[in-house]
Amino acid sequence: MDATVKRKKMGLKQRYQTMTRGLDWTTSYQDMDKVFPYDKYEGIKVHNWDEWEDPFRLTMEAYWKYQGEKEKKLYAVIDAFAQNNGQLGISDARYVNALKLFIQGVTPLEYCAHRGFAHVGRHFTGVGARVAAQMQSIDELRHYQTETHALSHYNKYFNGMHESNYWYDRVWYLSVPKSFFEDAMSGGPFEFLVAISFSFEYVLTNLLFVPFMSGAAHNGDMSTVTFGFSAQSDESRHMTLGIECIKFLLEQDSANAPIVQRWIDKWFWRGYRLLTLVAMMQDYMLPKRVMSWKEAWEMYAESNGSALFKDLARYGIREPKGWQDACEGKDHISHQAWNTFYTYNAAAAFHTWVPNEEEMQWLSEKYPQSFDQYYRPRLDHYDKQHKQGQRFYNKTLPMLCQVCQIPMLFTEPNDPTSICYRESDYADDKYHFCSDHCKEIFDHEPEKYVQAWLPVHQIYQGNCFPEGTDPTVEGFDPLAAVMEYYRINVGSDNFDFADSEDRRNFTEWQAGEEPQVSP
Amino acid sequence: MSDVFIAFQANEDSRPIVDAIIADNPEAKVVYSPGLVKIDAPNRLVINRETIEEEIGRDYDLQEIHLNLVTLSGHIDEDDDQLSLSWDH
Amino acid sequence: MFCAPVCIPVPPSTPFNVLIGEIFLGVYGEHPDFVAIDWDEVVWFKSGHKFTPRFDLSLAENGLGHKDVIRFKTPGLKGIKGSGS
């Protein structure tokens, strides 16, 4: 019997061109500049959108087909995980706090990316870029949904996950990821692409994904591992969009280079600051550790990054201004961040703890230049205090950086005993920053950053109390009122892991008791 | 000269793809780690649909690699018969 | 021990010695070296520049305004096990 000859009418490239090109038009009874009001104001010059090369040519038909198959596989695993009480297979209940950090601080960013790409997908005049952005918008919504589904199972058994969307818009440490993405979304479409597609999805993506996903694999969390794999081919499309857009902008006009450089400087730094949370997670929150933040930085930033910027040198692009300071920070930021959450754990919706002796040894080996000298002594002190029934909780609100909104916990490059302070006077007020690089971002666009909603200032202004609160009442406890406004359950979402319901429950379940699903 | 690479989830679906790549790219090197198979090649790597079809014993749509693709590096060129990664400028 | 500087809302009329005698106790009092601080030896900075406050005057009279930043160094006290913390 003769095999059926498959006769395609068009090749892939032609099919893709047909399905995505020639469907646009030049407007006739409204000015193009009115219909596309954002594509010129950033000063980026595009002479010929036809030079945009689509890295992956997935037509909608192929997209639905393959994404649909991935979904079926993923949800089958999520179901199996739930049916088999997969949450009992994790290394240690402390690990779940890494997932809490993820659903609180990373998952909402997927939704923001979805909205951001939908927006830029409307505002470029180039069809290739519009289609790519729209496809990514759908991918990002998918990531938001699949992460929420994968992690929702844990929500039945552990605290600190129940109000993640609500917390994202209000809770102090979550203004860090929120302000990062809102900064990108409120910029122009070209800045958004350089910020997210290039700086985040290409340059820094491995430093977000690999720590969480390999952390999941090493700690028995099959649900998250499976989500990670399922998202990975989406991410490779996003990466190729990032590198394509930077190439396109730099090849269209040499005058674009200084604009793009400034965005690369800004977004490398903002992305690096955001990754502080991941550094802390990697070094402190994984009972079975994979590699240190320092090692991950050396592998994924220093090695990959230097090859990339060598490649971009031909366009007149140099490595980001903050590169050296970011490399210097690799010995310090994870420890400084953990100390922040440890001491402010009364106000955070996940648990913290002092590492055990074996973990301290690991940290000491991985950080020979810094851990024993600067960071272990206070951890030992905290441990001693906790054992005496005086676990330290800082009750005074921290000073925040106006731009990255992180507490001013970072030290001067090359002096880990001195906090790094920078400031600017602008329009009869004073603004503070954690670094030269956040200050430079502010100084370039002060009107943008003076509008920042800083959680600490908002709390002091009385904007973070439940509706109808009277702060003048005798015995008023402002921190308790803030926690009520936050909807963080005091005594179950916060405080030390050692004293937590999570720990008590997990110990009972490991001893053979049936887990009770929470109502 | 820099390496290009492509990485897949290590499972039965990706096995014939990996075998096809090795057959068509003599300088490629394969590295296995938990759940992942990564293939590095100097400067250029090609994936041919026909070779995969010989391995897999059925018709194959090259875009099926999206089901198991994890990450890659290099400039992509794609059509119905071939996917290539390269650092040629 | 204190991961970052703190942000505190205080009236400009607050006497400087109330700042260090009462407010700082609430903020920093749990540090094991707090009681050992000799306030006459402490070195002060305002926005990174040397600053000599008068303890008998208010914050405003000492030239401190809204969102000003002050720091102090404790000579001889180098933190827990000399870590600077």
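Values quoted throughout were computed directly from the atomic coordinates according to the rules given, and no laboratory measurement underlies them. What you see is a predicted model, and the numbers here were worked out from it, not measured in a lab. Backbone-built Cβ (ideal geometry, glycine too); neighbour counts: all protein chains shown.
See the values below:
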quantity	calculated
Expected 222 nm ellipticity per residue - DSSP helices of 4 or more, -39500 (n - 2.57), all of chain A, to 500	-16500 deg cm²/dmol
Principal semi-axes in Å for the stretch C:16-75 [√(5λ), Cα gyration tensor, largest first]	19, 13, 11
Computed over chain A: relative contact order in percent, which uses C-alpha pairs under 8 Å that are six or more apart	17
Within the stretch A:196-216, backbone nitrogen closer than 18 Å to the virtual label 7 Å beyond the Cα of residue A:84 toward Cβ	A:216
Greater than 18 Å apart at Cα, pairs in C:46/C:73; A:247/A:439; A:266/A:448	A:247/A:439
Anchor residue A:70: lysines whose Cα lies under 23 Å away (excluding residues fewer than 8 positions away in-chain)	B:38
Label-to-label distance, nm, for residues given as residue A:35 and residue A:60 (7 Å Cα→Cβ offset)	1.9
Per residue Cα convex hull volume in Å³ - calculated over chain B	82
Peptide ranges A:243-250, C:39-46, B:45-52, B:32-39 listed from the most packed, as the mean C-beta count within 10 angstrom indicates	A:243-250, B:45-52, B:32-39, C:39-46
At R0 = 25 Å, FRET efficiency that the Cβ-Cβ distance of residue A:450 and residue C:71 yields, to 0.05	0.55
Cβ-derived FRET efficiency at R0 56 Å, residue A:393 paired with residue B:50, nearest 0.05	0.30
Rg over Rh, two decimals, chain A (C-alpha only, Kirkwood Rh)	0.98
Peptides ranked, highest mean first, by Cβ atoms within 10 Å: ranges B:6-16, A:38-48	B:6-16, A:38-48
Residue A:169/residue A:26 FRET efficiency (R0 51 Å; Cβ-Cβ; nearest 0.05)	0.80
Length-normalised contact order for the stretch A:153-287 - Cα pairs under 8 Å, 6+ apart - percent	33
Value of [θ]222 nm, deg cm²/dmol, for chain C, DSSP H segments ≥ 4, -39500 (n - 2.57) each, nearest 500	-1000 deg cm²/dmol
Likely footprinting exposure, C:58, A:435, A:418, fewest C-beta neighbours within 10 Å first	A:418, C:58, A:435
Proximal lysines to residue A:294, defined as alpha-carbon separation beneath 18 angstrom and excluding residues fewer than eight positions away on the same chain	A:330, A:366
Neighbour net charge for residue A:391 - beta-carbon separation under 15 angstrom, K R +1, D E -1	0
Virtual spin-label span in nm between residue A:427 and residue A:253, 7 Å along Cα→Cβ	2.9
Aspartates and glutamates whose Cα lies under 16 Å from that of residue C:67, excluding same-chain neighbours fewer than 8 positions away	A:423, A:425, A:428, A:429
Cα centroid of the stretch A:420-448 to Cα centroid of the stretch C:26-63, whole Å	25
Value of relative contact order over the stretch C:16-75, rounded to a whole percent, pairs C-alpha under 8 Å and six or more apart	41
Largest-first principal axis extents of the Cα set of the stretch A:207-315 (Å)	50, 26, 20
